[in-house]
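Colleague: Handing you this structure, nothing more for now.
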Amino acid sequence: MIIAITGRPGIGKSTVCLKVIDLLRNKGFKVGGVICPEIRECGVRVGFKVLDLISGKEGLLAHVKYSSPFTVGKYFVQLESFESVAIPALEDALNNADVIIFDEIGPMELKSKKVLDLLSFISNNVNKPLLIVVHWKIGSSIRNIISGDYQIFEVTFENRNTLPMLIFKLIVGGLKNGLA
């Protein structure tokens, strides 16, 4: 079971994902994978980190201050740091989690062929629920990144408060019925 969450910037995609993670953990499910929260300084977004949901290890995904040959907009993508957290986190989730999370597949994450290859492997070969957040610019080409059947939910102002429970129920239903 693959569930993708997409929507416009700032609409609440990551918030929906975090609420699903909380719901799953509160019911005793082990959640693995990565999230990529913002880094803010004085209220201004200056970058993104990558956080392993099982170990808590973090690294830098992108920042405005730390130069790199890989850029997306004003951000310098820290590919080595990103991969050093994301790849082990996904591998750990394969072995030790009930549900695999990846927030988000976006222009910065697309710089890593290694991570995308691993996500493609997971989507093709692993019988565990995979919940991914997909940047709105990538949404229409998700089929090129993720193989297999998936359900996609667009987060809107109208549904962002009800989506976490709906997605949680789909994942738990799949786990209980062996349809992950």
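Colleague: Counting only residues that are in contact with a strand residue (DSSP E or B) (Cβ under 6 Å, 6 or more places away or on another chain) and surrounded by fewer than 19 Cβ atoms within 10 Å (Cβ to Cβ), which one in region 60-79 is farthest from Glu41 (Cα to Cα)?
Modeller: My answer is Phe70.
Colleague: For a quick check of your reading of the model, give me the residue pairs whose first member lies in region 33-56 and is within 21 Å of Ile132 (Cβ to Cβ) and outside any strand (DSSP E or B), whose second is β-branched (Val, Ile, Thr) and at pLDDT 95 or above, with beta-carbon atoms closer than 7 Å and at least 6 apart or on different chains.
Modeller: Listed by first residue and then by second, the contacts come to Cys36/Val50; Leu53/Val31; Leu53/Val34; Leu53/Ile35; Leu53/Ile101.
Colleague: Continuing with this model, one more query. Given the structure, is Ala4 modelled with pLDDT under 95, part of a strand (DSSP E or B) and not polar (S, T, N, Q)?
Modeller: yes
Colleague: Let me ask another. Looking only at region 66-102, how many residues end up being farther than 14 Å from Ile146 by Cα, touching a residue at least 40 places away in the same chain (Cβ under 8 Å) and not in a helix (DSSP H, G or I)?
Modeller: Qualifying residue count for the region: 4.
Colleague: Follow-up question, since we're still on this one. With (1) within 20 Å of Tyr75 (Cα to Cα); (2) assigned to a helix (DSSP H, G or I) as the list, and Lys137 as the residue in question, which single condition is left unmet?
Modeller: If we test Lys137 against (1) within 20 Å of Tyr75 (Cα to Cα); (2) assigned to a helix (DSSP H, G or I), just (2) comes out false.
Colleague: Follow-up. Among all residue pairs at least 6 apart or on different chains, which show Cβ distances below 7 Å where the first residue, located in region 122-136, is at pLDDT below 95 and of a type in the set (Ser, Thr, Tyr) and the second is surrounded by 18 or more Cβ atoms within 10 Å (Cβ to Cβ) and assigned to a helix (DSSP H, G or I)?
Modeller: Matching pairs, first to second residue: none at all.
Colleague: For region 80-95, enumerate the residues that are under 14 Å from Gly59 (Cα atoms) and surrounded by fewer than 20 Cβ atoms within 10 Å (Cβ to Cβ).
Modeller: Across region 80-95, the qualifying residues are Glu80, Ser81, Glu83, Ser84, Ile87, Pro88.
Colleague: Then there's this: Give the residues of region 56-72 that are within 16 Å of the chain's Cα centre (by Cα) and among the hydroxyl-bearing types (Ser, Thr, Tyr), sorted by residue number.
Modeller: If the condition is that a residue be within 16 Å of the chain's Cα centre (by Cα) and among the hydroxyl-bearing types (Ser, Thr, Tyr), then no residue fits.
Colleague: What number of residues within region 98-121 satisfy the criterion of being surrounded by 23 or more Cβ atoms within 10 Å (Cβ to Cβ) and closer than 16 Å to Leu175 by Cα?
Modeller: 3
Colleague: Additional query: Looking only at region 7-50, filter to residues that are of a type in the set (Asp, Glu) and at pLDDT 95 or above; which one of those is surrounded by the most Cβ atoms within 10 Å (Cβ to Cβ)?
Modeller: Asp22
The values are calculated or read from the model by the stated rules, or taken from the named source; none is laboratory data. Since the structure is predicted, the reported quantities are computational estimates derived from the model, not experimental observations. Heads up, the Cβs are rebuilt from the backbone with ideal geometry, glycines too, and the neighbour counts pull from every protein chain shown.
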